[in-house]
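The values are calculated or read from the model by the stated rules, or taken from the named source; none is laboratory data. Everything numeric here is computed off the predicted structure, so don't read it as measured data. Quick reminder, even Gly has a Cβ in these numbers, built from the backbone with ideal geometry, and neighbours come from all protein chains shown.
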Amino acid sequence: MIKASKIFKTYHNGIIDVPVLKGIDFEMKKGDFIALTGKSGAGKSTLLYQLGLLDEFDSGELFIDGINTHSMTSSEKTQFRLNNLGYVFQDYALLPELSASENIMVPLLMQGVPTKEAYEIAVNTLEKVGLKSKADNLPSQLSGGEQQRVSVARAIANEPKILFADEPTSNLDTFNSKIVLDLFKELNKKGQTILLITHEIEYTKYANKVISMTDGKTNK
Ligand SMILES: Nc1ncnc2c1ncn2[C@@H]1O[C@H](COP(=O)(O)OP(=O)(O)OP(=O)(O)O)[C@@H](O)[C@H]1O
Ligand SMILES: [Mg+2]
């Protein structure tokens, strides 16, 4: 599903170069649930951005679903993301003026799904995360855990090949974290491929494979 080799990425802050990824090899198979851990600043989010086609690395190779990403133009990458990849971030990133169902509909409409169908998909996906009754609520009318479940629903509504989650539980209490991670586990059982970044060692038990990062490298 994903095969990356020798990925290097350096950020440039004015005259200062910050090397962040120092030759990453990474492989993820269909149906994997991988937990990526490591200290703050190790480069976890940066790696997720590269693997999720949200950023461009300096050198190395990345194959997703058999496609060499070097051969894709930036608009092809955007289209590929919309059709194949889902993202959950720590701050939910919901649009405050749209209801739960409308938030889920946005990327579907961008993909060209007709409105009525997008609404039906949104409500069905909310049902999967246990929030069907809250379809018309605004984010401000939902708890943190519920907002994160809406953001998971948005990420999985188009049945992405890969779900990327960057510290999705960092703003949640233990109770709501467990609800979100149990949901991931359930999705994975049904075949969803997942890459989860987490600080919490105890949450790595949800994954079938754990990769830790130190200072821009993965530990073997
Ligand atoms: N846009 C940027 N410009 C310059 N430096 C950056 C940028 N983004 C990240 N960095 C630096 O890259 C390093 C790795 O950051 P990254 O966000 O990938 O770490 P992380 O492992 O996700 O950490 P955390 O657990 O705190 O989220 C850090 O030293 C950070 O300061
Ligand atoms: Mg991070």
(request) For residues that are within 11 Å of ligand 1 (Cβ to nearest atom), surrounded by fewer than 20 Cβ atoms within 10 Å (Cβ to Cβ) and not charged (D, E, K, R), tally how many sit in region 21-41. (result) 2
(request) Of all residues in region 157-174, count the ones that are hydrophobic (A, V, I, L, M, F, W, C) and closer than 18 Å to Tyr49 by Cα. (result) 4
(message) Could you check region 109-150 and list, in sequence order, the residues that are of a type in the set (A, V, I, L, M, F, W, C), modelled with pLDDT of 95 or more and in a helix (DSSP H, G or I)?
(response) Leu109, Ala118, Ile121, Ala122, Val123, Leu126, Val150
(message) Quick test of your reading of the structure: Ser40 fulfils all but one of (1) within 16 Å of ligand 2 (Cβ to nearest atom); (2) modelled with pLDDT of 95 or more; (3) closer than 19 Å to Asp215 by Cα; (4) of a type outside the set (A, V, I, L, M, F, W, C). Name the failing condition by number.
(response) (2)
(message) Given the criterion of a type outside the set (Gly, Ala, Ser) and either out of contact with any strand residue (DSSP E or B) (no Cβ under 9 Å at 6 or more places or on another chain) or closer than 23 Å to Gln79 by Cβ (or both), identify the matching residue among Lys161, Lys185.
(response) Lys161
(message) Among the numbered criteria (1) over 17 Å from the mean Cα position of the chain (by Cα); (2) surrounded by fewer than 20 Cβ atoms within 10 Å (Cβ to Cβ); (3) part of a strand (DSSP E or B), which one does Met213 miss?
(response) (2)
(message) Checking the conditions here, which among Asp65, Asp55, Asp91 is among the acidic types (Asp, Glu) and farther than 20 Å from Met1 by Cβ?
(response) Asp91
